[in-house]
Amino acid sequence: MSRLDSVIRRLCAQRDCLNAAVSAAPEGAFLEIGLGNGRTYNHLREIAPDREIWVIDRAMNAHPASAPPDALFLCGEADEMMTTLHERIGRTIALAHYDLGVGIPEHDTPLRARLAPLLRQLMTDKALLVANARFDLFDTIPTPETVPTDRYFMHRVEG
């Protein structure tokens, strides 16, 4: 499969998982971890206009039409920003989307393992995590039928 076809497949899987998660998420705020150009944030804002959406990234590189308000953007390393966010809002995140990493397991797996407990402390009971990789700390739930196996992941927080 070409890299172009692979990215198209990933983006479709991401969209389908987010659409399913938004409709199943409990009450609470949303969190986008890894803003990038802002396309996913923009999509979340469109399909969940009544939700507060917090965003964490190292830098503001989003297209101006896809940038979060300054008050909801935490700029810095994810672990530090998750700690800051927890101090501000406690355990109120109902849906988190995690899209960090470079696609190399040796790099991405330790990062995910380090961030998982920090992410967990932000999330409410029954909250959903949509991610570009599997999180061992969370219960995995089925993705929509349109999502190829192991292409994108959904998790639910229990307790």
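The values are calculated or read from the model by the stated rules, or taken from the named source; none is laboratory data. Treat the numbers as computed from the prediction; the structure is a model and nothing was measured. Neighbour counts are summed over all protein chains in view; Cβ atoms, including those assigned to glycine, are modelled from backbone coordinates with ideal geometry.
Looking only at region 121-157, which residues are basic (K, R) and either outside any loop (DSSP other than H, G, I, E, B) or more than 15 Å from A13 (Cβ to Cβ) (or both)?
K126, R156
Listed here are the residues, each with its yes/no results for (1) closer than 18 Å to D108 by Cβ; (2) modelled with pLDDT under 95.
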| residue | (1), (2) |
| --- | --- |
| M1 | no, yes |
| S6 | yes, yes |
| C12 | no, no |
| A20 | no, no |
| A24 | no, no |
| E27 | no, no |
| E32 | yes, no |
| G36 | yes, yes |
| H43 | no, no |
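Looking for something in a loop (DSSP other than H, G, I, E, B), among the basic types (K, R), surrounded by 13 or more Cβ atoms within 10 Å (Cβ to Cβ) and in contact (Cβ under 8 Å) with a residue 12 or more places away in the chain - is there at least one such residue anywhere in region 103-119?
As a first pass, look at region 103-119 and keep what is in a loop (DSSP other than H, G, I, E, B): 103-104.
Checking the rest, the ones that are also among the basic types (K, R) come to none.
No, region 103-119 has no match at all.
Restricting attention to region 51-75, which residues are surrounded by fewer than 13 Cβ atoms within 10 Å (Cβ to Cβ) and assigned to a loop (DSSP other than H, G, I, E, B)?
Within region 51-75, A59, N61, H63, P69 qualify.
Just to be sure, is T40 of a type in the set (S, T, Y), surrounded by 15 or more Cβ atoms within 10 Å (Cβ to Cβ) and in contact with a strand residue (DSSP E or B) (Cβ under 8 Å, 6 or more places away or on another chain)?
Yes: the conditions hold for T40.
Which members of region 22-37 meet the condition of being without any contact (Cβ under 8 Å) to a residue 40 or more places away in the chain and either assigned to a helix (DSSP H, G or I) or buried (at least 19 other Cβ atoms within 10 Å of the Cβ) (or both)?
Once the filter is applied, which keeps residues that are without any contact (Cβ under 8 Å) to a residue 40 or more places away in the chain and either assigned to a helix (DSSP H, G or I) or buried (at least 19 other Cβ atoms within 10 Å of the Cβ) (or both), region 22-37 yields S23, L35.
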